[in-house]
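Read-outs: derived from the displayed coordinates by stated rules, not from any lab. What you are looking at is a predicted structure, and each value in this text was computed from that prediction instead of being measured. We place every Cβ from the backbone using ideal geometry, glycine too, and count neighbours over all the protein chains shown.
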Amino acid sequence: MFSRFEWTLAFRYLRARRQEGFISVIALFSFLGIGLGVATLIIVMSVMNGFRADLLDRILGMNGHYEVKAPDNGLLVDYEPVMKRLAAVKDVVRVSPLIEGQVMAAAGKQASGALVRGMAPDELKSLSVLSSNIVEGSIDGFEGGNTVLIGYRLARSLGVRAGDKLKILSPKGTSTVFGTVPRVKTYKVGGLFNTGMYEYDSGYIYMSLTAAQKYFKHGKGITSLEVFATDPDRALAIRSEIINAVNIRAYIYDWQQSRASFFNALEVERNVMFLILTLIILVAAFNIVSSLIMLVKDKGRDVAILRTMGATRGMIMRIFFIAGASVGIVGTFFGFILGIGFCANIDRIKNLIEGLTGAELFSAEIYFLSHLPAKVDAGEVAVVVLMALFISLAATIYPSWRAARLDPVEALRYE
């Protein structure tokens, strides 16, 4: 399709000469613009995918795919039949009774708000996100009614370690003739966990189900049932079966409803970032157009001589098309390599920059996770690369066509 002569002449035009240096500088910036645009798109899309996947895995590793709650913030008392019906639903792997309550945790002169979650010991051990991330102490003593597990960030703010004592105060206290007295009880810190999620590590306290029932005075009741399915997508497909199995007056929330605003915000931000960063590639494409137009104008005499020597308009068009397309193709390939390499070493790069600048680039308090995730999606990378190639090739069409339409007589007359 392209002759050797056309390739040779196109690359000769791309090489910088003293009188054509400015044109080559524009081509260089076009190359860098397309490369950085492709790399940035790949990096941002991968980080957004990593955020969503990591958060989804960790959140659903700590919470069920469905939550069945009693209406009006009440209690589920006769819940065993409901558990049996839910466990019989296809694709349901586990049903866990749960007690949740807001408390104030205190140790020494330090205090912090926290959420108590009461679970059966075997159910807690089945949460691999928590049980496999015990950084101090042990989960073995959790069976006792006087032992709790707390996040390491909460422990650090309170100044406690495994084996220390922790006071828990509930605002729902005991009514007396002198008013409501807050309920206070002291527990032993059996272990500290580090899930990598700031919300859980800084504000969650786990105790056994029976201990939570006694502390909150719920008797044999629970606040909710957590239903775990084989995977998140399959959980959404069995919603009708879950509703039929519950068969009592209750609120039923799936994982999308529980965190709808959070995941929707991530999706919107991801789409907006894609549109904004695509503009980088478009700007680089306009640079290709401008550099080729200047090149055509500068090479008008050469084009006229080639035409008089027998070169066809198609040959002229292909020469300038190769010159412009080479910048776009090589720039796209450079951006692809840069983006994939950056994603593969993103945590090392982050740590290096933080070490050099002394600034914290990724605060767990703001971004919810304690590390920077990146998940490269092959389909998305292919879309970015193909889009960049299409824009780059499309940008060369008009300047190449304009070069082919040059009148040799007029070009030589004004030289």
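Structure values in brief
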quantity: Radius 13 Å from Cβ of CYS343, net charge of other residues (Lys, Arg +1; Asp, Glu -1); calculated: 0
quantity: Spin-label model distance (nm) - ILE305 vs LYS109, 7 Å beyond Cα toward Cβ; calculated: 8.8 nm
quantity: Antiparallel DSSP beta bridges within the stretch 71-249, as percent of all bridges there, nearest 5; calculated: 75 percent
quantity: Summed residue charge, Cβ within 12 Å of ALA265's Cβ, Lys/Arg positive, Asp/Glu negative; calculated: +1
quantity: Partners for LYS165 among aspartates and glutamates (Cα-Cα distance below 20 Å; same-chain residues under 8 apart left out); calculated: GLU136, ASP140, GLU143, ASP201
quantity: The stretch 186-242 versus the stretch 305-329: alpha-carbon centroid distance in Å; calculated: 68 Å
quantity: Assigned charges on the beta-carbon of Lys, Arg, Asp, Glu; the stretch 71-249 dipole about Cα centre (debye); calculated: 640 debye
quantity: Sites VAL135 and MET294 - FRET efficiency at Förster radius 51 Å, r taken between beta-carbons, to 0.05; calculated: 0.25
quantity: Label zone at PHE263 (point 7 Å along Cα-to-Cβ), backbone N below 17 Å, the stretch 41-59; calculated: 48-59
quantity: Linear extension gain, ASP347 paired with LEU56, 0.36 nm per residue minus alpha-carbon span; calculated: 102.8 nm
quantity: Order of GLU241, GLU267 under a 10 Å beta carbon neighbour criterion, fewest first; calculated: GLU267, GLU241
quantity: Environment charge of LEU98, counting only residues whose C-beta is closer than 13 Å and scoring Lys/Arg +1, Asp/Glu -1; calculated: -1
quantity: Links that overshoot a 21 Å alpha carbon limit, given the list LYS69/LYS125; LYS109/LYS185; LYS125/LYS172; LYS188/LYS214; LYS125/LYS375; calculated: LYS69/LYS125; LYS125/LYS172; LYS125/LYS375
quantity: Gain in span if fully extended, ASN244 to LEU356, counting 0.36 nm per residue against the direct Cα distance; calculated: 34.5 nm
quantity: Of all DSSP beta bridges in the chain, antiparallel share, percent nearest 5; calculated: 80 percent
quantity: HIS65 long-range amide H proximity, modeled H, under 5 Å; calculated: VAL227, PHE228, ALA229
quantity: Residue-wise HN-Hα coupling along the stretch 304-317, computed from phi with Karplus coefficients 6.51, -1.76, 1.60 (Hz; x: Gly, Pro); calculated: 4, 5, 4, 5, 5, 8, x, 5, 7, 4, x, 5, 4, 4
quantity: Over the chain: helical MRE at 222 nm, DSSP H runs n ≥ 4 each giving -39500 (n - 2.57), nearest 500; calculated: -18000 deg cm²/dmol
quantity: Residues ASP164, ASP122 arranged by fewest to most Cβ contacts within 10 Å; calculated: ASP122, ASP164
quantity: Exposure proxy ranking, count of Cβ atoms within 10 Å, fewest first, for MET317, MET62, MET309, MET207; calculated: MET309, MET62, MET317, MET207
quantity: Whole-Hz ³J(HN,Hα) from phi, Karplus 6.51 cos²θ - 1.76 cosθ + 1.60, for the stretch 159-165, glycine and proline x; calculated: x, 10, 10, 4, x, 7, 9
quantity: Given (i) 80, 21, 16; (ii) 66, 24, 15; (iii) 39, 22, 19, the label whose value is semi-axes √(5λ) of the Cα gyration tensor in Å derived from this model; calculated: (ii)
